[in-house]
1. What do you reckon, is Ala12 modelled with pLDDT of 75 or more, open to solvent by less than 20 Å² (accessible area, probe 1.4 Å) and among the aliphatic types (A, V, I, L, M)?
2. So, in the stretch 44-57, how many residues would count as being open to solvent by 60 Å² or more (accessible area, probe 1.4 Å) and touching a helix residue (DSSP H, G or I) at 6+ places or on another chain (Cβ under 7 Å)?
3. If I ask for residues that are open to solvent by 90 Å² or more (accessible area, probe 1.4 Å) and modelled with pLDDT of 80 or more, which ones from the stretch 58-70 would you list?
Amino acid sequence: MADRNLSEAESARDLSAGARALGARSLGVDLSAGMLAAARRRGDVPALLRADASRLPLADASCDGAVSGF
């Protein structure tokens, strides 16, 4: 994943809502309400979800890639 750029047609899960999967339709995921608030203020992630990255409430194969900035 580190060597691949996602297109605007693909989707990504940003696991920590800070790494910013630019170019892709992103869903920012973070367990921390404070980090989600910071991402919301930045305004560069269109959708945000509070969840544990180890137990995402998403269907298998629901995205093309994931990034994490832990």
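1. Here the answer is no, as Ala12 does not meet what is asked.
2. 1
3. Within the stretch 58-70, Asp60, Ala61 qualify.
The values are calculated or read from the model by the stated rules, or taken from the named source; none is laboratory data. Since the model is a prediction, treat every value here as computed from it, not as a measurement. Virtual Cβ from ideal backbone geometry, glycine too; neighbours counted across all protein chains shown. For the accessible areas, the whole protein counts, side chains as well, though only heavy atoms, and no ligand, DNA or RNA atoms are used. Shrake-Rupley method; radii C 1.70, N 1.55, O 1.52, S 1.80 Å.
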